[in-house]
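S.K.: The structure is given below, and queries will be raised subsequently.
The values are calculated or read from the model by the stated rules, or taken from the named source; none is laboratory data. This is a predicted model, so every value here is computed, not measured. Glycine gets a Cβ as well: all are built from the backbone with ideal geometry, and neighbour counts include every protein chain shown. Note: accessible area is taken over every heavy atom of the protein model, side chains too, but ligands, DNA and RNA are not part of it. Shrake-Rupley method; radii C 1.70, N 1.55, O 1.52, S 1.80 Å.
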Amino acid sequence: MAGKDDDTRHEGTGTAAAEPAGGFGPIVSSAHLADGAMPALSEVEFGMILAGHAFERWMIRCMTAAGQPGLTATEILVLHTVTHRGKPKRLADICLVLGIEDTHLATYAIRKLEAKGLVAREKSGKERLVSITPEGEAACRRYKELRERILVSGAQELGISSDALSSVARLLRVLSGHYDQAARTAASL
């Protein structure tokens with residue numbers, strides 16, 4: 001006779017998992033990846049996929065509304081990183097902060113931002129530094145104003161506490177380190 005656990009088993013795994021009310025199993029993009037020892041990780045991965053795409057759409061549309069159309073998500077991230085603390089940045093530091101492995105992506109973004117007058121490159125000894133221009137600073141300021149008015153106020157209405165958001169952020173940083181280590185391991189196989 002089938003027990004309660006049989007109703008919540010993932011097909012083909014024999015492992016029980018808690019199901020949300022309504023009888024749905026984990027919400028994932030690839031059931032074959034959730035069919036294993038840790039289906040919850042597949043749920044997180046699907047959440048990261050959706051959140052990543054939504055975040056990129058948001059950045060692009062917000063920057064367009066701020067008066068800088070035509071920038072990619074990477075270019076916007078580079079612009080905000082260069083703006084951070086008002087200090088010029090080295091290409092290597094920009095890549096490190098943003099987790100960009102291919103420096104050509106960051107270099108291309110910097111060249112495009114420079115062509116639009118949003119950043120400037122300068123020589124400092126043997127290195128080239130990237131700094132924000134007044135136009136770039138103004139674009140980031142407009143972006144911030146729109147972000148506060150649209151995104152932050154909407155998030156506050158959801159009732160999610162700052163502590164909860166900080167916990168999610170910590171978890172994502174920890175997971176990113178785990179994924180980086182797993183990527184290094186997979187590359188060595």
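S.K.: Which residue fluctuates the most in the chain, going by a Gaussian network model with Cα springs under 10 Å, if the choices are A73, A92, A106?
M.R.: In this elastic network of the chain, the residue with the biggest mean-square fluctuation among A73, A92, A106 is A92.
S.K.: For the stretch 100-135, which GluC sites (Glu not before Pro) pass both filters: DSSP loop (anything but H, G, I, E, B) and at most 14 other C-beta atoms within 10 Å?
M.R.: Listed in order of number, the matching sites are E101.
S.K.: Let me ask you something else. Say we join alpha carbon atoms closer than 10 Å with springs in a Gaussian network model of the chain; which of G70, G177, G36 then has the biggest fluctuation?
M.R.: G177
S.K.: On to the next question. Please give the solvent-accessible surface of H53 in Å², to the nearest 10, using a probe radius of 1.4 Å with every protein chain present.
M.R.: Accessible area of H53: about 100 Å².
S.K.: Another question, if that's okay. Just the number, please: carbon plus sulfur as a percent of the accessible area of the stretch 91-189, 1.4 Å probe, no ligands or DNA/RNA counted. Mind showing how you got there, number by number?
M.R.: Working: 4030 of 7110 Å².
Looking at the stretch 91-189 in its full context, I get 57 percent from C and S.
S.K.: Of all the Cα-Cα pairs you can form in the chain, what percent are over 22 Å apart?
M.R.: Value for the chain: 61 percent of Cα pairs lie more than 22 Å apart.
S.K.: Further, regarding this structure: Consider just the alpha-carbon atoms of the stretch 92-176 and return their Rg together with their Dmax, both in angstrom.
M.R.: My reading of the Cα-based Rg and Dmax gives 17.0, 50 Å.
S.K.: What's the lysine pair count for the chain at a Cα cut-off below 30 Å, pairs eight or more apart or interchain?
M.R.: The number of close lysine pairs in the chain is 16.
S.K.: Another question, if that's okay. Looking at the stretch 68-140, which trypsin sites (Lys or Arg not before Pro) are in a loop (DSSP not H, G, I, E or B) and have at most 12 other Cβ atoms within 10 Å?
M.R.: Hits after loop and neighbour filter: K126.
S.K.: Would you mind working out the accessible area per residue for the chain, using a 1.4 Å probe, and quoting it in Å²? Intermediate results must be reported in sequence, preceding the final value.
M.R.: Working: 12800 Å² over 189 residues.
Spelled out: the 1.4 Å probe surface of the chain, per residue, equals 68 Å².
S.K.: At 222 nm, what value in deg cm²/dmol follows for the chain if DSSP H runs of at least 4 each add -39500 (n - 2.57) and the sum is divided by all its residues, to the nearest 500?
M.R.: Dividing the helical sum by the residues of the chain leaves -18500 deg cm²/dmol.
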